[in-house]
Each structure stands twice: as C-alpha cells, then as structure tokens.
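The values are calculated or read from the model by the stated rules, or taken from the named source; none is laboratory data. This structure is a prediction, so every number in the text was calculated from the model and none was measured. Cβ sites come from the backbone with ideal geometry, for glycine too, and all protein chains shown count toward neighbours. To get the accessible areas, we keep the full protein, side chains included, count just its heavy atoms, and leave off ligands, DNA and RNA. Shrake-Rupley method; radii C 1.70, N 1.55, O 1.52, S 1.80 Å.
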Amino acid sequence: MSNGDLGWITNFIWGIADDVLRDLYVRGKYRDVILPMTVLRRLDAVLEPTKKEVLDTKASLDKARITNQDAALRGAAGQAFYNTSKFTLRDLRNRGSQQQLKADFEAYLDGFSPNVQEILENFEFRNQIPRLSKADALGTLIEKFLDPALNLSPNPILHGNGSVKHKGLDNHAMGTIFEELVRRFNEENNEEAGEHWTPRDAVKLMASLIFTPIADKIESGTYLLYDGALGTGGMLTVAEETLQQLAKEHGKEVATHLYGQEINAETYAICKADLLLKGEGDAADNIVGGPEYSTLANDAFRSREFDFMLSNPPYGKSWKSDLERMGGKSGVKDPRFLIDHAGDPEYSLITRSSDGQMLFLANMLSKMKHSTKLGSRIAEVHNGSSLFAGDAGQGESNIRRWIIENDWLEAIVALPLNMFYNTGIATYIWVLTNKKPAHRRGKVQLIDATSWYKPLRKNLGKKNCELSADDIDRIIKAFLDFKETEQSKIFDNAAFGYWKVTVERPLRIPGIDHERAYTPKEIKALKEEKGVDPEAPPVMRKIHKSGKPDPIHGLFEATIKGKPCVVEYEPDSELRDTEQVPLMENGGIEAFIRREVLPHAEDAWVDEGKTQIGYEVSFNRHFYKPQLLRSLDEIRRDILALEHETEGLLKEIVGALV
C-alpha cells in the first residue's frame, strides 16, 4: 500500500474526531476516544473470519470446565488476542436505544482477551462510554469506523466483479497508521509530547549509533531489545527495524524480542496496542506498565540481560516518591544502585531526589550481557545536567566515575538545540558498550553535532529543527572515523576525572601558649573568648615527639621547649577551601598544591582523609568558540550610517509637536 493510501486512511480517521467529538471533547482529549476505537476496529476486523471458531472453542472449554482457556482461544483465533462475546462491531449498528447500545458495547468489550483488556483499562476507555452514550454519539462513532470507505482489515474489499475496491492493510501498514495518529495527537498536545514521544529523527540517530558500528559483526540468532522509559514504544520499533534491515543487508537472519517498561498508563496502552496491531503479540506480552510499574522502584525485568538498549528517560523530574518506596536514601539496597566499585562494597549511585535521569542509565548498565561476543550496546538521551551535576562522591558523579572507570563510555553526541517538542534545552546522546573495539579502549569521543540540522518549515511546539538523513550520516561518519576534527574530540578516560581536595589553613587565636596543644573544648572556649586574628600564632591540636614532617599533609616541623617535633594545627573552618585537581595533573595533588596554593597561602595543607574522586564532562570547555569582536572601523561605519538614516528625523518630530 502506498504512502498516499496510508495518508488518506489516517486523514479519514483524524476527520472522525472532528465530525463526532467536536462539541463533546476539547481537541486535546480526542485521542482518549479515537486511539482506542482505532485499535478496536482493527482487532475486530482481524478477528472477524475466525469469530465462529472462537465461540465454538469457548463453548467446548466451558462445557469441559476448563478454566485456563487463553492459549486455546488464541489458537482458535489464529492471533495473540481474541473476543468471546457474541458481538462484532457490525452487530452493534442500528440499536433501538442508546441504553441497549451501551449495554451491548460494554459486553463486546468484556469479551476481549486479557491483553486487550489491559490496553482498554490503561486507555481508561470505559470511562468515555457514558459520556458518548449520553450525547448520542456512541452509535455515530461506531458507524464512522464501519464506513465502507475505511478498510482496516488485512483482507481487501472487492467489487462485485472481483476487482479490488479497497486494499487490505497488513500489520506493518496498520502500525504505520496508528503511529501517525499518535504523532499527530502528540503534536496537537505539544506541551506534553516530549514526556512520552521522542522525535523520530533523534530515534533514528540513536538506533544508528547502536547498530552501525557493529553491523558487520551481527550474527544470525536472537537478540533482546529493551527500553526502561518506554513511552509509546517508538524507540524499540525503530531499533528493531534498523537491526532487521542491517542483518538482511549482511545476509544474516535475526529474531528480535522487545521488552519495555512504562509508568504512564495511556502511553503504555498505546505501545502495547501498536505492537498488537503490527502482529507482534509476543512482544506485546513483554511490555509492562501502568502507575504501579515505576522502572526505578519496581523493576519488571530483574533477572534479564539485553543485547541492545535505548531510552529517553525523564529529566529534571523528581523521583522522591520512588525513593520513599525504596526505603529512603539510607535504606536503598537495590543492587542496581548500590554496587561494589573502587574497593567500596556499598558504592552509592543514588542521585538527588529532584532528578532521577541518571538512575535510568544505571538500570540499563545493570542489564548488560558480559558473556557474549558483542556484549551490550546502549544509547540514552540526557540533558546537560548529567554531564556535570553532582559533586565528587555524590550519585551523579559516582555514576559517571563507575561508567568511565569501567571503560563503558564510547561517545557523547551533543544534539542541536530545540530538537524536542517541549523543551529547547541542550540534549545529548550517551553511547555505551561493555565490549569496546581495541582502538576505542581507554578513550571517550565527544561529538558536537549542534550545527548539523535542517530547519522545520513550521515549529512543532519547541521543536524547530530536525536531523535530515544527511545529518545522521555525518554524525555516524564522525563516530566511525574516530578522528580529531573541529566537531570531534577524543580524550583519555582519565581526562574527565579529578580529585576534590580539601585545603585547610590553621586557626590563629591571639594570646595562646604556642608551645602546647589544646583540646577541642579548650579551642572552642578560646575562640569564643578571644576571637580570631590572622597575625596570631597557629593553634596546635596535636604534638608528635617523633615522625617525619610533611607540611603538604598537615604535619609541620616545630621546636617546643628546645626540642624538634612534628605538630598538627587546628584548621580554621572559615578559611577552608576545596580545589579540583585533574587526575592527569603532572605530579598529582602535591604538584598542584605547590604551584597553585602555597604561593598564596604558605601555611595551607591538604586534608587527605577528605579527598574524593569525581568525574564530569564539559562540552563548552572543549568546543567553545569565542565570538570575534568587531573592529573599531566597523563600529564607526555603523554609527555614521545610523546618523545618516536618522538625519532630519529629530526636526520632523519637533516640528510636528510645535
């Protein structure tokens, strides 16, 4: 079926909303009726030829008192779903009263298999029936979807002479129509579209970043794909199509199984329905969702590992309720977020409760395959805060450290601004794998693709540009070339790491005995009584009769009562400071302190017990292009031109007021 035919069918269904629902619903709510009705009409048309077999099988099973009937009824229907009511949609036309139509329509819905019931429940479609019935719109709606001009059946409609009047819709074509309807509704509601709908151009880029680098290594076999922030499922379906196409081009046969989890009930229903409409009933059974299925607090696939994973998790969104369900920050024991790393058996990946996006990445990393040849490949969209938010030792920084020190991060791609429907902020695709090729090991590539885009003729919410096929090819080429260019920078893993060093200076109190050490209680009293004086001698808190001086680490040489010793000074909390020392600093922390700190504060030292390792990625530092200032001659010419343009203007204004 041509794109024109599919577009006509989509427009016809779109028109039903305006015809039937215009005065009954606001435009933003049309989807609550049209999407589930589209699903119902397709399922009804697919099940029509086997309706009698299903009813006969149901009667036989009931007579034999068999309670577990699902598999047998699926077999009778020849599909992954069925309907055991005595009605089809065609049977519901021409009811004498709205009350009878409402009762029969509800009985028809009740006859669907459990997987379809779950879709209807999450669409909350039954809640719409009283409203439609009361407005005398339910019958009209059914009639519109049964219009002879609209064929949602896989079988063609024929003329009397046997020629084709309306072509049948295969599963792929039906899925395309449904996805187009979802896209249009998302664009109508662009204020919320970005929450559940990632633009198709971004998804295609993510799929290409995952599959293209290993296209020639894909073997015939079975591959598992996963999305932990599923939305309407577009990422999984595009990824599946991309993998199948690449496998075909390389003469391989692959089977794919899709898995996903989505907390929003409606988008979960859309995804599950889309898979059923495409004939992927098994995949639909692997999609889990609804309000009780938060990926963070209630992982539906704890024991699963996946080959390929893609996701666009919510960013800047609080996960406080999930954190409370998991036992609070100190009570979280989930092995996805409390791991063994860097010698710490309880290394915490728990982020701020105000933003849980990095935890979705940690969730995916916990599901990587380590024993296969290709391992796992991951692409995930994040905003800029994932690059740098969180201090050393905090959750976000710990996640970055865990990833980079395990050498899992291949690249980060900076996307153009205004790529998404409901936000114009900077976004980035993280590309990860646990089986890096040899030439990438120990390295991370940053790609600046912010200037590679095509403007849209009409904005879609905040989205005013898109990635063309050429733009995607250019990004993939930069990734595969793995060379230093103006848009591609390559770094050692350690280039993103730093030590967070606490620098102390001694507390100085006037009138103290500089040949004795003071207890914490004495120091507190002296400070309250005499105050602090930067010219006073430092307060000693400990005296070592023997030992080697190490002033960089707070062990100072002194002479007390004529004898040499080593002393420690009480730090002044008001003078305490921190420094970020790059892990690649030549000479390490000590060289940095000698060069950057001691020339300005010769009594400073490092509190080694407080030193922590952090990681951050700064795109601006590596790709910032300073704007050249205009020359004085250019500025002068512009001023003279403005004077010339406005010559006589003041006289005209003053003259008009006289």
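Miscellaneous remarks
- Residue identified as in contact with a Pro (Cβ under 7 Å, 6 or more places away or on another chain) and basic (K, R) among K144, K167: K167
- All helices (runs of 4 or more DSSP H) inside segment 261-342 with 1 or more residues being open to solvent by 50 Å² or more (accessible area, probe 1.4 Å): 281-285, 320-325
- Search result, residues across segment 574-591 that are under 29 Å from K527 (Cβ atoms) and not polar (S, T, N, Q): E574, L575, R576, D577, E579
- A255 over 22 Å from the mean Cα position of the chain (by Cα) and either crowded, with 20+ Cβ neighbours inside 10 Å or closer than 26 Å to S220 by Cα (or both): yes
- Residue in segment 343-358 that is closer than 18 Å to F301 by Cα and at pLDDT 95 or above present: no
- Residues of segment 21-46 classified as surrounded by 19 or more Cβ atoms within 10 Å (Cβ to Cβ) and among the small types (G, A, S), total: 1
- Being in contact with a helix residue (DSSP H, G or I) (Cβ under 9 Å, 6 or more places away or on another chain) and open to solvent by 70 Å² or more (accessible area, probe 1.4 Å) holds for only one residue in V532, V539, and it is V532.
- Residue in segment 80-93 that is of a type outside the set (D, E, K, R) and in contact with a Pro (Cβ under 7 Å, 6 or more places away or on another chain) present: no
- Scope segment 56-78; condition under 41 Å from the mean Cα position of the chain (by Cα) and either among the basic types (K, R) or surrounded by 15 or more Cβ atoms within 10 Å (Cβ to Cβ) (or both); matching residues: Q69, A72, L73, R74, A76, A77
- Evaluation of L224 against (1) touching a residue at least 60 places away in the same chain (Cβ under 8 Å); (2) among the aliphatic types (A, V, I, L, M); (3) in a helix (DSSP H, G or I) (one fails), failing number: (3)
- Segment 388-486 holds strands (runs of 3 or more DSSP E) entirely within its bounds, and those carrying 2 or more residues that are open to solvent by 40 Å² or more (accessible area, probe 1.4 Å) map to 454-460, 463-466.
- In segment 136-175, of all residues being within 15 Å of L89 (Cβ to Cβ) and of a type in the set (S, T, Y), the one that is modelled with the highest pLDDT corresponds to T140.
- Applying a threshold of 9 Å to beta carbon distances and a minimum spacing of six or more residues, or different chains, the list of pairs starting in segment 50-66 at a residue that is without any contact (Cβ under 8 Å) to a residue 60 or more places away in the chain and in a helix (DSSP H, G or I) and ending at one that is among the β-branched types (V, I, T) and open to solvent by less than 60 Å² (accessible area, probe 1.4 Å) reads K51/T88; V54/T84; L55/T84; T57/T84; K58/T84.
- Flag set for E53, criterion: farther than 27 Å from Y268 by Cβ and either of a type in the set (F, W, Y) or open to solvent by 20 Å² or more (accessible area, probe 1.4 Å) (or both).
- Cβ-Cβ under 6 Å pairs, at least 6 apart or on other chains, segment 278-307 side within 21 Å of D70 (Cβ to Cβ) and at pLDDT below 90, far side among the charged types (D, E, K, R) and not in a strand (DSSP E or B): A284/K272
- When residues in segment 92-108 are screened for being basic (K, R) and either at positive phi or modelled with pLDDT of 90 or more (or both), 1 of them pass.
- D633 being in a helix (DSSP H, G or I), over 30 Å from E410 (Cβ atoms) and of a type in the set (D, E): yes
- Put simply, of A202, A269, A207, A273 the only residue that is touching a residue at least 12 places away in the same chain (Cβ under 8 Å), of a type in the set (G, A, S) and out of contact with any helix residue (DSSP H, G or I) (no Cβ under 7 Å at 6 or more places or on another chain) is A202.
- Of the residues in segment 570-582, at least one is assigned to a loop (DSSP other than H, G, I, E, B) and either open to solvent by 80 Å² or more (accessible area, probe 1.4 Å) or out of contact with any strand residue (DSSP E or B) (no Cβ under 9 Å at 6 or more places or on another chain) (or both).
- Residues that are free of Cβ contacts under 8 Å to residues at least 12 places away in the same chain and in a loop (DSSP other than H, G, I, E, B), drawn from segment 343-369: G343
- Subset of segment 381-425 (residues that are among the hydroxyl-bearing types (S, T, Y) and within 19 Å of F623 (Cβ to Cβ)): S385, S386
- Among the conditions (1) out of contact with any Gly (no Cβ under 9 Å at 6 or more places or on another chain); (2) open to solvent by 70 Å² or more (accessible area, probe 1.4 Å); (3) closer than 30 Å to F496 by Cβ, the only one that R637 does not satisfy is (3).
- Unique residue being in contact (Cβ under 8 Å) with a residue 12 or more places away in the chain, in a loop (DSSP other than H, G, I, E, B) and closer than 19 Å to K367 by Cα when the list is L258, L230, L236: L230
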